[in-house]
1. Could you check region 51-74 and list, in sequence order, the residues that are more than 16 Å from the chain's Cα centre (by Cα), part of a helix (DSSP H, G or I) and modelled with pLDDT of 65 or more?
2. Which of the residues belonging to region 32-50 are more than 13 Å from the chain's Cα centre (by Cα) and closer than 19 Å to residue 9 by Cβ?
3. Give the number of residues within region 31-50 that are assigned to a helix (DSSP H, G or I) and surrounded by 17 or more Cβ atoms within 10 Å (Cβ to Cβ).
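The values are calculated or read from the model by the stated rules, or taken from the named source; none is laboratory data. The shown structure was predicted, so the numbers you read here are calculated from the model rather than taken from an experiment. Neighbour counts are summed over all protein chains in view; Cβ atoms, including those assigned to glycine, are modelled from backbone coordinates with ideal geometry.
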């Protein structure tokens, strides 16, 4: 069997929570639901790689509005949008 050694830095769950800026309980809940960052489990010990945490944070980055929002908005099926603002109703046809 050919084992590959890496210089991967592993941290425990509490350090990973601090690194991500979330509580330990939130990280544990995400892990239990399978929605959190990938992790290693050695017996009872849970470890996260810093590179996996970086990838997880990058994947969680949001950009509002999305860069292509105008194209999505313009290509939406034609309908009427009513917006109430300051007591006025605006009607916009898409």
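1. Matches in region 51-74: 71 only.
2. Hits for region 32-50 are 39, 40, 41, 42, 45, 46, 47, 48, 49, 50.
3. Count: 1.
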